[in-house]
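The structure appears below as C-alpha cells.
Bear in mind that the values in this text are calculations on the coordinates, not laboratory data. Please read all numbers here as calculations on a predicted model, not as lab measurements. Cβ atoms come from the backbone with ideal geometry, glycine included; neighbour counts cover every protein chain shown.
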Amino acid sequence: MKIILTHEESENIFLNSLCNGHGLSYSGLSIDYDDDQYERARHNLEKDGISPCLEDVWMQILREGGTLTLTDSEGGEDPAVITLADVHNRVADTEILHLMDAINENDDAITAEVILQQVFYQQVIFG
C-alpha cells in the first residue's frame with residue numbers, strides 16, 4: 001500500500017519526528033547544518049513573531065532551500081544530506097505501520113526514529 005501525502009503533511013510528520021527522534025543520538029547520530037543558514041532561518045522566524053525551538057529552525061532551513069546532514073560520529077555510515085524535496089518525497093515511503101502511527105498521532109520515539117532514518121537514509125539502519 002502506498003500513502004500519498006501533501007507537502008504540508010510530509011513536513012508536519014517530519015517536524016514531529018525531529019522533535020521526538022532524539023534517541024538516534026544514542027546511536028552516535030547528530031543533525032548538522034550550516035551556522036549561517038541556522039542564524040538566517042532563526043532570524044526569519046523571529047521576524048514573523050515566532051519563538052522557534054531548534055526543530056522549527058531546522059525546518060525553516062529546509063524551507064529556505066538549505067540542507068540538513070545526518071552525521072554518524074561512530075563512522076558506520078556516510079553523512080546523509082537532505083533538502084525539503086527529500087522530506088516531500090521520502091516521508092510517505094516509511095514502513096506503513098510507523099507512517100500510520102504518525103498520521104493517527106499515535107507515534108512515539110521509535111516512530112520518529114524510523115521516519116528520520118527513512119528520510120535521511122531511505123531505509124532503516126539503526127534499530
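In the range 7-121, taking the dipole from charged Cβ atoms about the Cα centre, the farthest positive-side position among 23, 44, 73 is held by 44.
This model, with +1 at the C-beta of Lys and Arg and -1 at the C-beta of Asp and Glu, gives the range 7-121 a dipole about its Cα centre of some 200 debye.
Computed on the range 7-121, with alpha-carbon pairs under 8 angstrom and 6+ residues apart, the relative contact order is 36 percent. Taken along its three principal axes, the alpha carbon spread of the chain comes to 40, 34, 22 Å, from the longest extent down to the shortest.
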